[in-house]
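All remarks here apply to the structure that follows.
The values are calculated or read from the model by the stated rules, or taken from the named source; none is laboratory data. Note that this is a predicted model, so its numbers are computed, not measured. No Cβ is skipped: glycine too gets one built from the backbone with ideal geometry, and neighbour counts run over all protein chains shown.
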Amino acid sequence: MAVASVRELWLERYASQIGRHRSELATPALIIDLDVAKRNIASMAAKFRELPASLRPHIKVHKCVELALLEVEAGAVGIACATAWEAEVMATGGIGDVLVANQVVQPDKVAKVAAVARDHRITVAVDDARNVEQLSRAAGEAGSQLELLIEIDVGMGRCGVRTQEEALPVAEAIASLPHVSLRGLQGYEGHCMLEPDRDKRIADAGDANAKLIAAADYLAENGHPCADLSGGGTGTYYITGANPRITEVQAGSYLLMDCMHGNLVPGGFEVALTVAGTVISRQGNTVVLDCGRKSVGIDFVTPPLVGVPDGEVRFYAEEHCLVDFAGTPLLDIGDVAEVMAGYGPTTVNLHDVFHIVESDVVTDIWPVNPRGAGPSAFVTRG
């Protein structure tokens, strides 16, 4: 059989869903209300026109070329992603400036980013001189050039050098090797995102930004100037993005929104992402939907029903969502209801496609593209 694009494959498989009302879908179904998503994109773009930093949306949230292109068309300077596979799909899908905001060490992935960089601008985060050597060698073999951001740990305790002094030998390695160049620094203040106290979040994010800026100044004093300082997320975009020294912010969840971000993010972003489920059982004051943990990311908070205020979600099992009502349930066997994602990125990662809804009707099927090893943009059928 011929090789078909992922988009063509999923369009064929889900063709029967196009034209249906959102309440008529085969469930569980991952839904994007495109009208809402476009309003979120426009809203964030407008905010960044008033901020000194640029917006570089992190697409780990949606893993979708079509949405990434809409963000860039609205003014984003490029996108950030988490994996080599995401970088490949976004670059070949038409995104001109792609940052892998993560360390790329596994040999297959190193070879992948180096190969993609032959025809696209690819930047990779690093925190170890040995990885710099690995990337330099792979880029040389591929005949490409990679740009690098040295990651500074600004409080996450995850990846990134712990001190500005530790950044210097990484910068020196970049300067001494061919096929790689220093673009700047990355400092993600993710530890501030869930801080509910607005004043404390502002203070903590400010401290994290200051550590990133101090590291940039230190490197510049030692002969390694940094053109870009990259950080931030949806929970701190208005803090990090307002710092005149930060050049780009990696906010991503604003586009779809989820339960975790709903009470933390100023700006009036709307929920564009939901999962539709069908009531498969009604027992007393409890109804059971067919969208459990294998369909809904329940990280950080129990996702609620949308548009059914009297229903309280009690528990998510693998295939079941249990909803209790104080009185007679407003839902019955066969009814379709939607739940909000607890955490958008892990919800999206459970699905192969988005059902694109406009004016409550499915108008298209968009694939969740970047998965697995090898040529991620295509799949062999046979």
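Condition check ((1) of a type in the set (S, T, N, Q); (2) in contact with a Pro (Cβ under 9 Å, 6 or more places away or on another chain); (3) assigned by TED's automatic domain parsing to the domain that holds residue 14; (4) closer than 24 Å to residue 253 by Cβ) across all residues:
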| site | (1), (2), (3), (4) |
| --- | --- |
| 282 | no, yes, yes, no |
| 302 | yes, no, yes, yes |
| 307 | no, no, yes, yes |
| 310 | no, yes, yes, no |
| 348 | no, no, yes, yes |
| 360 | no, no, yes, yes |
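Flag not set for residue 163, criterion: within 26 Å of residue 221 (Cβ to Cβ), among the polar types (S, T, N, Q) and surrounded by 24 or more Cβ atoms within 10 Å (Cβ to Cβ).
One residue alone among 249, 265 is under 19 Å from the mean Cα position of the chain (by Cα) and modelled with pLDDT under 95, and that residue is 265. The set of residues in the range 124-149 that are of a type in the set (A, V, I, L, M) and either touching a residue at least 40 places away in the same chain (Cβ under 8 Å) or part of a helix (DSSP H, G or I) (or both) comprises 125, 126, 129, 132, 135, 138, 139, 142, 149.
Every residue, every condition in (1) at pLDDT 95 or above; (2) in the same structural domain as residue 129 (by TED's automatic domain parsing); (3) under 28 Å from residue 253 (Cα atoms); (4) surrounded by 20 or more Cβ atoms within 10 Å (Cβ to Cβ), yes or no:
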{"site": "151", "(1), (2), (3), (4)": "yes, yes, yes, yes"}
{"site": "156", "(1), (2), (3), (4)": "no, yes, yes, no"}
{"site": "178", "(1), (2), (3), (4)": "yes, yes, no, no"}
{"site": "212", "(1), (2), (3), (4)": "yes, yes, yes, yes"}
{"site": "216", "(1), (2), (3), (4)": "yes, yes, yes, yes"}
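Of all residue pairs spaced 6 or more apart or on separate chains, those with beta-carbon atoms under 7 Å, a first member in the range 187-204 that is within 17 Å of residue 230 (Cβ to Cβ) and touching a residue at least 12 places away in the same chain (Cβ under 8 Å) and a second member that is of a type in the set (A, V, I, L, M) and part of a helix (DSSP H, G or I) are 187/208; 187/212; 189/205; 189/208; 192/205; 192/208.
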